[in-house]
1. Just name the residue that is surrounded by the fewest Cβ atoms within 10 Å (Cβ to Cβ) out of those in region 33-44 that are within 13 Å of residue 101 (Cα to Cα) and at pLDDT below 60.
2. Among the numbered conditions (1) modelled with pLDDT of 95 or more; (2) not in a strand (DSSP E or B), tell me where residue 138 comes up short.
3. Can you find, within region 153-211, the residue that is farthest from the chain's Cα centre (by Cα) among those that are of a type in the set (Asp, Glu) and farther than 17 Å from residue 27 by Cα?
4. Residues in region 95-103: is at least one assigned by TED's automatic domain parsing to the domain that holds residue 149, assigned to a loop (DSSP other than H, G, I, E, B), under 21 Å from residue 146 (Cα atoms) and not hydroxyl-bearing (Ser, Thr, Tyr)?
5. So which residues in region 45-54 are surrounded by fewer than 16 Cβ atoms within 10 Å (Cβ to Cβ) and assigned to a strand (DSSP E or B), if there are any at all?
6. Name the single residue, out of those in region 213-228 being among the small types (Gly, Ala, Ser) and either under 15 Å from residue 51 (Cα atoms) or modelled with pLDDT of 95 or more (or both), that is surrounded by the most Cβ atoms within 10 Å (Cβ to Cβ).
7. Could you say which residue among 80, 109 is under 30 Å from residue 181 (Cβ atoms), loosely packed, with under 15 Cβ neighbours inside 10 Å and out of contact with any Phe, Trp or Tyr (no Cβ under 6 Å at 6 or more places or on another chain)?
Amino acid sequence: MLRPFFVLSLVSPVLFSNLAETNAGIIVQVDFSTLDASALNTGYSPNRIEDGFSDFSYGPENPQPTRDLAPLFSPPITRTFGLIGVTVTDPSSASNALIFVDDGTVNGTYGKLIEDYVIPSGLNLRVTISGLAAGTYSMTTYHHIPTLSSQQSLTGITVDTGTGATTVAQDVPVYNGFSPTLIGSANFEFSADGTNNVVMTVQGRSFSTVSGVLNGFELSAQDASAVPEPSSALLMSFGVLGFLLHGVRRRRNLVRTA
């Protein structure tokens, strides 16, 4: 017969191991792309989502000679990934439109991620992230346009966590090609207060043909406090513990009455 303290010794390592595993790591990975339903898949290439990433698509596609476009007028548009909300918009009231683009089939590492992207009609792209717990986060953003004739660059990236926009990256490269050896990216950290949304602005460069292009991003927690709703894992583990203890008591009562 299992004794209660022995059941606790079995459950406790699992409980605290699970909590430790969620203390830090990837929170969400987002791949921006055009919507690819079978009835709409008539453009240059089928939509592909990078392995491990979540799909942030918009459609229907508008096939062009070398790419698929899905224009979105009067954004914003929001997708929810678990507890995290991601909203993209064009902050310029004059242009006020987004274009989801699939440029074709890109080979190599992260090819499925960088072959499609979202780009504003204006100069800048705004991404608002909601649902983050208080804590420190790191983010990697990706910037690649396969059909560009040459490498270009963005002015930079700013992040506003509720106290004003701060520049976190400057002169971010935008690479090109369908078999690239380099992928444009930016890496930076920020702290969320658990109350305010985090607003990231990808800043285009006025004298280039590149607006605030974004293929996708990866967001990771750097500390335990940044993990959304860790209490749910704790409550679930205690529920399992209670269930096992109840089974032990029931077996003991059956033995006594036998």
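1. Among those that are within 13 Å of residue 101 (Cα to Cα) and at pLDDT below 60, it is 44.
2. (2)
3. 171
4. yes
5. Residues satisfying the conditions do not exist here.
6. 216
7. 109
The values are calculated or read from the model by the stated rules, or taken from the named source; none is laboratory data. This one's a predicted model, so the numbers in the text were calculated from it and none came from an experiment. Glycine gets a Cβ as well: all are built from the backbone with ideal geometry, and neighbour counts include every protein chain shown.
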